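Structure first, commentary second.
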Amino acid sequence: MTVHITNAREARRYEARLDGEEEVAGFAEYILTPDLIAFVHTEVSATHEGKGIGSALVRTSLDEARKSGLRVLATCPFYAGWIEHHPEYADLLYQNRSRVTD
C-alpha cells in the first residue's frame, strides 16, 4: 500500500489517497498566508486509521512548507503532537516575536 499525497490548493487542504483509489483516505486542512501556513484540522477515514496516513500528510505538508520558506502554525492537535515527536521539524514552528504587552 502506497500513500499518495497531493495539495488540493482550491480546497485548501492536502489529500491522501491509497494506490489508485479515487476515494480520499484522509486530509489536512490549512490556511495559507504569504509567510505562514496554519494547519487547522486533520482527518483520516475510520477504515484507514492506523495505516500511517496522518503521518504521511504531516510529513509531506511540512516538507513542502520548508521548501517554500513558510512558518508553520500547528493549531491542529494531530500536527502539534506529531511535531513534538519529530523535533527535526520544530524549527518550522511560528514564534510570536512581538514584545507588546498589556
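A few points about this structure:
- Scattering profile of the stretch 3-92 at q = 0.11, 0.14, 0.15, 0.22 Å⁻¹ [log10 I(q)/I(0), Debye over alpha-carbon scatterers]: -0.27, -0.44, -0.51, -1.08
- Among the chymotrypsin sites (Phe, Trp or Tyr not before Pro) in the stretch 42-102, those located in a DSSP loop and surrounded by at most 15 other Cβ atoms within 10 Å of their own Cβ are Y94.
- Each label point was placed 7 Å from the Cα along the Cα-to-Cβ direction; for N96 and I31 their separation is 1.4 nm.
- Potential extension, E88-S45 segment - 0.36 nm per residue separation minus Cα distance: 12.7 nm
- Among the GluC sites (Glu not before Pro) within the stretch 2-33, those in coil by DSSP and having at most 12 neighbouring Cβ atoms inside 10 Å are E21, E22, E23.
Throughout, read-outs are computed from the coordinates displayed, never taken from laboratory work. Small disclaimer: the values here were computed from a predicted structure and weren't measured. Backbone-built Cβ (ideal geometry, glycine too); neighbour counts: all protein chains shown.
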